[in-house]
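**Q** Quick one: structure below, then a few questions.
The values are calculated or read from the model by the stated rules, or taken from the named source; none is laboratory data. If you're wondering where the values come from, they're calculated on a predicted model, not measured in any experiment. Neighbour counts are summed over all protein chains in view; Cβ atoms, including those assigned to glycine, are modelled from backbone coordinates with ideal geometry.
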Amino acid sequence: VSSSRLAQILPGPSEIRLTVLDHGTMQMDARRLAARPECFQRVAHREPQDLWQHFPVISVLVRHPEGTFLLDTGCYSGWKDTWSESGIGDVIEYETRESALLGPALAAEGVRPTHIDAVVLSHLHMDHAGGLEVFSGTGVPILVQEREYEHLIRVQGSRTGAYIRREIDGLDLAWSLCSGDFPLAAGVQVVTLPGHSPGTQGVVIAREGRQTVIFASDAIQVAANVQDGVFHHSANPYDSVAWRLTARELMDAQEEGALVVMGHEPSQSAELEALT
Ligand SMILES: [Zn+2]
């Protein structure tokens, strides 16, 4: 498979502005995001290791001459209740400020939800889709892969892990179900990156005269997933084979010069600030 699908997008205007919004951090055992067999305790080595770490929750605002787009939405304002109800609160702690939730974070950028022309959701896990509440009743199109949406609808019961329907079900959203890759605007391409979840997708931004940026979301969650050419998926990917193929494709694109922005890598924050 040629990586040109990701790295060779026709560039759009150089004045496309990228702003990464910081919605706080999640804390969890790092092995949930990058399964590292060598860290698992053994009969002969039962020392617990301190792998409790912080991982940023982000979304990306794309201000383009053709329109304003948002990739992902961060977490739900009522996360304290919904996370404990879903069971995800047992394994992930979330730390944020009121002002870091999507609504206030957009307002701080001078953007109202109704100014957004389309929201691209990488997938429907709670740390990416939780902020959808902000778009209820606005008519703003919510672009998600059909496979991902169908998976959400199939998820039932109260212990749903990272899919929390209670945060989404009551909302009046203009869902726009997509299938495969498609262009959003000049130099902005939505690309499928399956594996982490059934319909994970990302966004490639190609700007005239600048480095191509691939927002991969959780297709690669942290740098440890792809360290030294060895691929370690998270503890619980939807499809580990698809995940590996996607990660390989992203790493090939990186070798061709693209910057791959991962879903939750703490060390990338400085790089993200320089993107604008
Ligand atoms: Zn995530």
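Matching residues to (1) crowded, with 24+ Cβ neighbours inside 10 Å; (2) farther than 11 Å from Leu70 by Cβ; (3) touching a strand residue (DSSP E or B) at 6+ places or on another chain (Cβ under 6 Å); (4) at pLDDT 95 or above:
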residue: Thr96; (1), (2), (3), (4): no, yes, yes, yes
residue: Gly103; (1), (2), (3), (4): no, yes, no, yes
residue: Met126; (1), (2), (3), (4): yes, yes, no, yes
residue: Thr138; (1), (2), (3), (4): no, yes, no, yes
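**Q** Still on this structure, please answer the following. On the basis of being surrounded by fewer than 22 Cβ atoms within 10 Å (Cβ to Cβ), at positive phi and either in a loop (DSSP other than H, G, I, E, B) or in contact with a helix residue (DSSP H, G or I) (Cβ under 7 Å, 6 or more places away or on another chain) (or both), does Gly170 make the cut? Steps first, answer last, please.
**A** Numbers: surrounded by fewer than 22 Cβ atoms within 10 Å (Cβ to Cβ): yes; at positive phi: no; either in a loop (DSSP other than H, G, I, E, B) or in contact with a helix residue (DSSP H, G or I) (Cβ under 7 Å, 6 or more places away or on another chain) (or both): yes.
Spelling it out, it is not the case that Gly170 is surrounded by fewer than 22 Cβ atoms within 10 Å (Cβ to Cβ), at positive phi and either in a loop (DSSP other than H, G, I, E, B) or in contact with a helix residue (DSSP H, G or I) (Cβ under 7 Å, 6 or more places away or on another chain) (or both).
**Q** Name the residue, out of Ser240, Ser234, that is among the hydroxyl-bearing types (Ser, Thr, Tyr) and within 15 Å of the ligand (Cβ to nearest atom). Before you say what the answer is, go through the steps one by one.
**A** Working: Ser240 fails: within 15 Å of the ligand (Cβ to nearest atom).
Answer to the selection: Ser234.
**Q** Just one of Val222, Val190, Val204 is of a type in the set (Val, Ile, Thr) and within 15 Å of the ligand (Cβ to nearest atom); which is it?
**A** Details: Val190 fails: within 15 Å of the ligand (Cβ to nearest atom); Val204 fails: within 15 Å of the ligand (Cβ to nearest atom).
Only one candidate qualifies: Val222.
**Q** Given the condition over 30 Å from Arg210 (Cα atoms), of a type in the set (Lys, Arg), out of contact with any helix residue (DSSP H, G or I) (no Cβ under 7 Å at 6 or more places or on another chain) and at pLDDT 95 or above, answer yes or no: does some residue in the stretch 69-82 qualify?
**A** Restricting attention to the stretch 69-82, the residues satisfying the condition of being over 30 Å from Arg210 (Cα atoms) are 75-82.
Next, only the ones that are of a type in the set (Lys, Arg) stay: 80.
Retained after the next criterion (residues that are out of contact with any helix residue (DSSP H, G or I) (no Cβ under 7 Å at 6 or more places or on another chain)): 80.
Checking which are at pLDDT 95 or above leaves us with 80.
Yes, the stretch 69-82 contains a residue that is over 30 Å from Arg210 (Cα atoms), of a type in the set (Lys, Arg), out of contact with any helix residue (DSSP H, G or I) (no Cβ under 7 Å at 6 or more places or on another chain) and at pLDDT 95 or above.
**Q** So, one more: Out of the stretch 218-246, which residues are part of a helix (DSSP H, G or I) and either modelled with pLDDT under 90 or touching a helix residue (DSSP H, G or I) at 6+ places or on another chain (Cβ under 8 Å) (or both)? Don't jump to the end; show me each part of the working.
**A** So in the stretch 218-246, the residues part of a helix (DSSP H, G or I) come out as 223-229, 240-246.
Of everything in the stretch 218-246, those that are part of a helix (DSSP H, G or I) and either modelled with pLDDT under 90 or touching a helix residue (DSSP H, G or I) at 6+ places or on another chain (Cβ under 8 Å) (or both) turn out to be Ala223, Ala224, Asn225, Val226, Gln227, Asp228, Gly229.
**Q** Only one of Met251, Met262 is touching a Gly at 6+ places or on another chain (Cβ under 8 Å) and either surrounded by 13 or more Cβ atoms within 10 Å (Cβ to Cβ) or under 14 Å from His196 (Cβ atoms) (or both); which? Don't jump to the end; show me each part of the working.
**A** Details: Met262 fails: touching a Gly at 6+ places or on another chain (Cβ under 8 Å).
Only one candidate qualifies: Met251.
**Q** While we're here: If we scan the stretch 110-120, do we find a residue that is touching a residue at least 40 places away in the same chain (Cβ under 8 Å), part of a helix (DSSP H, G or I) and surrounded by 23 or more Cβ atoms within 10 Å (Cβ to Cβ)?
**A** Within the stretch 110-120, the first condition is being touching a residue at least 40 places away in the same chain (Cβ under 8 Å), and the residues that meet it are 111, 115-120.
Next, only the ones that are part of a helix (DSSP H, G or I) stay: 115.
Add one more test, that the residue is surrounded by 23 or more Cβ atoms within 10 Å (Cβ to Cβ), and what stays is none.
Checked against the condition, which is being touching a residue at least 40 places away in the same chain (Cβ under 8 Å), part of a helix (DSSP H, G or I) and surrounded by 23 or more Cβ atoms within 10 Å (Cβ to Cβ), the stretch 110-120 yields no hits at all.
**Q** Name the pairs: first residue in the stretch 247-276 and modelled with pLDDT of 95 or more and of a type in the set (A, V, I, L, M), second residue crowded, with 17+ Cβ neighbours inside 10 Å and assigned to a helix (DSSP H, G or I), Cβ to Cβ under 6 Å, at least 6 apart or on different chains?
**A** Between residues of the stretch 247-276 that are modelled with pLDDT of 95 or more and of a type in the set (A, V, I, L, M) and residues that are crowded, with 17+ Cβ neighbours inside 10 Å and assigned to a helix (DSSP H, G or I), the close pairs are Ala247/Val226; Met251/Val226; Ala253/Leu6; Ala253/Ala7; Ala258/Ala7; Val260/Leu250; Val260/Gln254.
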